[in-house]
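Colleague: The structure under discussion is supplied below as structure tokens; questions concerning it will follow.
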């Protein structure tokens, strides 16, 4: 068996040349890897651009050329940052020896280092280096390096191309990778064509809240609409999605503008917004044109309830007879429940009982949309077992289908029926008169006291905001009751019907009482000779406790407004005791007081003196800032209507939406102006009428002496 002969040693120049060629090949592999990474970065930027254009329509205005320039810049930075340097021949020779399959003897590396520095290498060293070079599988080694270096960047680039293809399929309906690349190259032209398409007509669908179970309604191409609070307003149009901006309005102050997403559909675009209590505007722009949509949110009103029979309060000598009970309830959407509530109070002082009774409780489903109902029932006084002095309070209540737990219910006015006590029948013949309002105040004050004590016991288990809310509700009821008691006092003392009129000393007329720190006190003219001990005047006997009750109610209301029901209980008890004293003292129904003479003609006739001086003109009150600002905006809209009717109509619609909350009459005048602008023709009269409603234009008589100008 013969041994293989060693290969002929290569010449020094041939050996060095072959190693240098191998070095250049390895360097090309590294440069190709860096180029693939740069291409991947460029494709990644394009994928990000396409995703942003699909998710955020506002980004669609950015040209593809801008995204391409950003991608090329990042790709160039990636290629030039730490660019690969060609390895030297000694490192390449060492790479060959590592892949020769044996323990490296560094013969090739030593020979190449000597030849690279132009030093002679021996024949034995050249022969050993030639054997290493011929024994190493260089082709397989280079192929393996290429696979390792190029696989990752190539996979990343292919994934980016697939994402671009998917995005192109979603936006343009194509799955071909070549057409994706073509669309990327022609992106600026396509974008310019899409942006150049102006806004066209749209259709609007209003979907009411689920609890109403009302059908959705479809509107045409309208610029404003009224929707129930919580309704979903859907806009649909043709073409590419426009840019949509949402703005919520509240009086004269406007909130910040927020973008709204418009989605692409198979035939066009679609966007939606939810109607709120405050008006809101949607501004849609595309192709250099804009359109405005005003959505007016309408709140679900509380049911309106009226008690038709009995028509008035009554006092019965005996607890006998049957009273017909008739009530009517109305709601804008539909009623869910209605009933008649009775509250029977027995006893007097601090020892009394209260019993609640419900009659005619009826329920309806939301799908029936029952808007108007009439409740009919009867009240048998004998069946209630009433005793002399008992009081029956009657009212009707109704609820709608609103799901909120804090939703208020509608209630009617309260009717009071009292069984007279035997001690009330006197032998004095008096003119018949209706029962006093003191009995109503007594019962209402007891109810408020019970509710306040209940809230005081439960506030430990309730959250502080809920306690404050319930306390404020009781404070409002206490204020209404205090005004009713004050009306009784002023009707008896001075003939006036309002306790909230300004009653101060020295105001030029006598009220009988004076307002001191929010409370009422007997005036000098009323107390002189009437409040002395031993005076049994019925006016004093009634009004003095009522004044105490009024002031105690004031203290109770202040405590309830501060969210402190515990502090409101003592003054409420004092008010109840004072009403009891006034009720016990009320034995006679007084006749009406003759009206007070305003001007005594006989006294002032020919009593004037000419001083030769005229009265000083009073200072004129400046117009509110909001009114002046709205007038200025209205004048600007009127001037804009001469040049751009569409822009003037949009500005007028926004002004109308802002005025719906605090200036409904002005908003109604602007609605008539908008209708006139839509119909065409001269709208000067409508603008003048709107300014007159706002209080700016005042019509004056066109006479010779008048300096006013007819508008």
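The values are calculated or read from the model by the stated rules, or taken from the named source; none is laboratory data. It should be emphasised that the depicted structure is a prediction, and the values quoted were computed from it without experimental measurement. Neighbour counts are summed over all protein chains in view; Cβ atoms, including those assigned to glycine, are modelled from backbone coordinates with ideal geometry.
Colleague: Could you say which residue among 567, 584 is assigned to a helix (DSSP H, G or I), closer than 21 Å to residue 444 by Cβ and modelled with pLDDT of 80 or more? Let's see the steps before the verdict.
Modeller: Details: 584 fails: modelled with pLDDT of 80 or more.
Only one candidate qualifies: 567.
Colleague: Does at least one position in the range 263-273 carry a residue that is part of a strand (DSSP E or B) and either farther than 23 Å from residue 52 by Cα or not assigned by TED's automatic domain parsing to the domain that holds residue 208 (or both)? If you could, list the steps in order and put the result at the bottom.
Modeller: Here is the first cut: in the range 263-273, the residues part of a strand (DSSP E or B) are 263-264, 268-273.
Pick out the ones that are also either farther than 23 Å from residue 52 by Cα or not assigned by TED's automatic domain parsing to the domain that holds residue 208 (or both) and you get none.
No - not one qualifying residue is present in the range 263-273.
Colleague: Which residues, taken from the range 330-349, are in a loop (DSSP other than H, G, I, E, B) and touching a residue at least 40 places away in the same chain (Cβ under 8 Å)? Step through it out loud before you land on a result.
Modeller: Filtering the range 330-349 down to residues in a loop (DSSP other than H, G, I, E, B) leaves 331-334, 349.
Those that are in a loop (DSSP other than H, G, I, E, B) and touching a residue at least 40 places away in the same chain (Cβ under 8 Å): 331, 333, 334, 349.
Colleague: Got at least one residue in the range 263-277 being surrounded by fewer than 18 Cβ atoms within 10 Å (Cβ to Cβ), touching a helix residue (DSSP H, G or I) at 6+ places or on another chain (Cβ under 8 Å) and modelled with pLDDT under 90?
Modeller: Yes, some residue in the range 263-277 is surrounded by fewer than 18 Cβ atoms within 10 Å (Cβ to Cβ), touching a helix residue (DSSP H, G or I) at 6+ places or on another chain (Cβ under 8 Å) and modelled with pLDDT under 90.
Colleague: Let me ask you something else. Pick out the one residue from 590, 576 that is modelled with pLDDT under 90 and part of a helix (DSSP H, G or I).
Modeller: Values: 590 fails: part of a helix (DSSP H, G or I).
So the residue among 590, 576 that is modelled with pLDDT under 90 and part of a helix (DSSP H, G or I) is 576.
Colleague: Suppose we filter 213, 191 for residues that are at pLDDT 85 or above and in contact with a helix residue (DSSP H, G or I) (Cβ under 7 Å, 6 or more places away or on another chain); which single one remains?
Modeller: Numbers: 191 fails: at pLDDT 85 or above.
The conditions single out 213.
Colleague: Separate question: If I go through the range 454-493 residue by residue, how many of them are under 22 Å from residue 411 (Cβ atoms) and touching a helix residue (DSSP H, G or I) at 6+ places or on another chain (Cβ under 7 Å)? Write out each step before concluding.
Modeller: Taking the range 454-493 first, the residues under 22 Å from residue 411 (Cβ atoms) are 454-455, 466, 469-485, 487.
Next cut, touching a helix residue (DSSP H, G or I) at 6+ places or on another chain (Cβ under 7 Å) only: 455, 470-472, 474-475, 477-479, 481-482, 484-485.
Count: 13.
Colleague: Going residue by residue through the range 395-408, is there one that turns out to be modelled with pLDDT under 90 and surrounded by 15 or more Cβ atoms within 10 Å (Cβ to Cβ)?
Modeller: Of the residues in the range 395-408, the ones modelled with pLDDT under 90 are 401-408.
Within this subset, residues satisfying the condition of being surrounded by 15 or more Cβ atoms within 10 Å (Cβ to Cβ) are 401-402.
Yes, some residue in the range 395-408 is modelled with pLDDT under 90 and surrounded by 15 or more Cβ atoms within 10 Å (Cβ to Cβ).
Colleague: Based on what the data block shows, is residue 327 surrounded by fewer than 11 Cβ atoms within 10 Å (Cβ to Cβ) and either at pLDDT 85 or above or not in a loop (DSSP other than H, G, I, E, B) (or both)? Walk me through how you get there before you give the answer.
Modeller: Numbers: surrounded by fewer than 11 Cβ atoms within 10 Å (Cβ to Cβ): no; either at pLDDT 85 or above or not in a loop (DSSP other than H, G, I, E, B) (or both): yes.
It is false that residue 327 is surrounded by fewer than 11 Cβ atoms within 10 Å (Cβ to Cβ) and either at pLDDT 85 or above or not in a loop (DSSP other than H, G, I, E, B) (or both).
Colleague: If you don't mind, another one. Every residue in the range 217-238 that is in a loop (DSSP other than H, G, I, E, B) and within 22 Å of the chain's Cα centre (by Cα), please.
Modeller: Filtering the range 217-238 down to residues in a loop (DSSP other than H, G, I, E, B) leaves 220-223, 229-231.
223, 229, 230, 231, listed by residue number.
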